[in-house]
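The values are calculated or read from the model by the stated rules, or taken from the named source; none is laboratory data. Predicted model, so just to flag it, every value in this text is computed and none were measured. Virtual Cβ from ideal backbone geometry, glycine too; neighbours counted across all protein chains shown.
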């Protein structure tokens with residue numbers, strides 16, 4: 001039962017990773033490559049990104065990551081995304097050409113992918129933060145881990161709402177004060 005609960009929490013991240021990886025196939029087709037190349041490229045990226053996405057969900061469920069905090073997730077994808085791309089390029093190169101060719105060599109390739117990974121991390125987190133609370137609402141009745149994680153999301157949302165309302169009140173107070181000062185002149 002515990003493994004099922006964890007797997008359910010990992011599902012949104014896994015799906016996001018698989019879809020992102022599958023999009024590589026579409027981009028490969030868009031670039032004019034063959035269908036076989038697109039399929040290999042898509043599968044070679046979808047699998048590691050799906051596994052890493054599931055891992056992100058599991059780490060979130062274990063409270064090693066927190067909703068709304070980018071730095072740990074950014075570091076996670078700073079390592080995970082380049083390794084996923086390296087795996088994709090290796091598998092695709094071997095399957096299509098029978099050899100591995102990395103533009104800029106391994107270090108140059110990984111450095112470039114590390115830069116790209118932060119953009120991927122931002123997109124991943126953005127999508128995950130929009131899907132996960134809805135998913136947790138569905139699970140919370142029968143999955144205690146989902147119920148606990150949903151409470152963390154609710155707490156985060158309440159803190160964000162309170163901060164936003166405090167800023168609005170300060171802005172209104174400043175406007176009122178400014179109008180009063182103008183009227184006194």
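For residue 38, indicate whether it is within 20 Å of the chain's Cα centre (by Cα) and in a helix (DSSP H, G or I).
Numbers: within 20 Å of the chain's Cα centre (by Cα): no; in a helix (DSSP H, G or I): yes.
When the stated conditions are applied, residue 38 does not pass them.
Given the criteria assigned to a helix (DSSP H, G or I), surrounded by 15 or more Cβ atoms within 10 Å (Cβ to Cβ) and under 14 Å from the mean Cα position of the chain (by Cα), does residue 93 qualify?
Working: assigned to a helix (DSSP H, G or I): yes; surrounded by 15 or more Cβ atoms within 10 Å (Cβ to Cβ): yes; under 14 Å from the mean Cα position of the chain (by Cα): no.
Taking the combined requirement at face value, the residue does not satisfy it.
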Would it be correct to say that residue 141 is more than 24 Å from residue 50 (Cα to Cα), more than 25 Å from the chain's Cα centre (by Cα) and without any contact (Cβ under 8 Å) to a residue 40 or more places away in the chain? yes
Would you confirm, using the coordinates I've provided, whether residue 81 is modelled with pLDDT of 90 or more, part of a loop (DSSP other than H, G, I, E, B) and either out of contact with any strand residue (DSSP E or B) (no Cβ under 9 Å at 6 or more places or on another chain) or surrounded by 15 or more Cβ atoms within 10 Å (Cβ to Cβ) (or both)? no
Just checking, which of 32, 13, 25, 50 is part of a helix (DSSP H, G or I) and either surrounded by fewer than 17 Cβ atoms within 10 Å (Cβ to Cβ) or in contact (Cβ under 8 Å) with a residue 40 or more places away in the chain (or both)? 13
Is it true that residue 87 is on the phi < 0 side of the Ramachandran plot, modelled with pLDDT of 95 or more and over 11 Å from the mean Cα position of the chain (by Cα)? yes
Do we find a residue being assigned to a helix (DSSP H, G or I), at pLDDT 95 or above and surrounded by 17 or more Cβ atoms within 10 Å (Cβ to Cβ) anywhere in the range 150-157? no
Does at least one position in the range 61-72 carry a residue that is assigned to a helix (DSSP H, G or I), under 17 Å from the mean Cα position of the chain (by Cα), at pLDDT 95 or above and buried (at least 20 other Cβ atoms within 10 Å of the Cβ)? no
